[in-house]
Structures are given as C-alpha cells and as structure tokens.
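This report refers to the structure that appears directly beneath it.
None of the figures in this text is laboratory data; all of them are computed from the coordinates on show. Quick caveat, the model's predicted, so the values are computed rather than measured. Positions of Cβ are generated from backbone atoms using ideal geometry, with glycine treated the same way; all protein chains shown enter the neighbour counts.
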Amino acid sequence: MKTKICNSLLVLTLVFGAAAMAAGTDDKWIHIKVDDGDEQVMVNLPLSLVRAALAIIPEEVHQQVHHEMEVGFDELHMEWDELLQFWEAVKEAPEAKFVTVQTRDEKIEVMKKGEYVLVQTSEVGERGTEIDVKFPLAVIDALLSGEEGQLNFEAAIEALANEGYGHLVSVKDGDDTVKIWIDDKNESENE
C-alpha cells in the first residue's frame, strides 16, 4: 500500500504541479499530506519549484509514463475516434451518475457534476477504503487533444493550472490517508 501511494503521489505531484507551472501561476502551491497513523508527511511545494524539477526529469521516465499510458489505452479496446466521440457525449451530457457498481463489499460511482467528472469508491470491510477524485472536464478535454492515439500531457497540465484552487484527490485506507490539493498558501492546513 505505501509503495503504491508513494508512486501515485509522485506522478500526481508531477502532473498537477506541472499543470500550474505551464500557465505561469507561480502563486499556487501543491500540497500532499500522507498519514499512516504513525507518521505524517506533508509536502508543500511552490509550483515554480515543481516546474524546475520537471525540467530535469530524464527522458527515460517520460518514455515509461507514455508506455504505461499506451498499455492502459490498449486495454480499453476502443479506437481513438470512438474514444473522442464518447468523450464529446460525456461533455454534452447533463449532470448525472453515469456508473454505479455496488457489491457486498464495495461501491464505485462515476458521475458528472458541474465542470467535473467525479470518481468515488468506498469499500466495506476491515480497512474501509475510500477514494475521492475530481477530474476537471477541461483537463480531460485537453489531455485528449493530442494527435491520434497520443495523450497531450502538456495541454492537460496547462488546463489544470487554469482550474484554480481546491481538492484533487483523497484516499483513506484504514489508518492511512493521502490528500492532494492546490491553494495559495505556503503551508498545508487540515484540508
């Protein structure tokens, strides 16, 4: 669990931090708070620092991210044009819960609310895992603006930077929690 959280945290920090940097919004800060019940780690980064860090990421890392995204895209068993048509339908759809999966142990909901696609999961059981993610429509739209079969990370990052402040991700897994948000403060507060 901790390794997955750390890896996800790194990727999300890079993506969300780079997003704000691309638009030149250096007054924004990305905050990541990880708490496993015994230890608490809080990362508060000015997005200008994230921009500088992104400039030194080795090309091999960029290639690995693109490869993993291509593998994930292949698993959709959908042509690029079909994906774009589906996305256009989602953008035009009214606010609604699109998907609800309920089992004895888990509930997953995917919905459109305002200018966001929300993914919320909750798992009943010993640990009681809950995940809450907000995807701005503009960011997904920008991500899909690349050439056929290519996700446009640069455009998605710029769109995210224009989204403003707020909650992006929260995960609760037993005593372990992860929260990621963007605001204009240089210290994390209990979000």
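PRE reach from residue 92 (point 7 Å along Cα→Cβ): which of segment 130-152 fall under 19 Å by backbone N?
From segment 130-152, the list is 137-138, 140-142, 144-145.
For the residue pair residue 122 and residue 65, what label-to-label distance in nm results when each label sits 7 Å from Cα along the Cα-to-beta-carbon direction?
Label-label distance for residue 122 and residue 65, simple model: 3.3 nm.
Sort the following peptides by mean Cβ neighbour count (other Cβ atoms within 10 Å, averaged over residues), highest first: 33-42, 168-177, 112-121. Could you put the intermediate results ahead of the total?
Numbers: 33-42: 12.8, 168-177: 17.2, 112-121: 15.5.
Most protected by this proxy first, the peptides run 168-177, 112-121, 33-42.
Using the beta-carbon distance between residue 184 and residue 83 and R0 = 45 Å, what value does 1/(1 + (r/R0)^6) give for FRET efficiency, to the nearest 0.05?
Calculated transfer efficiency: 0.80.
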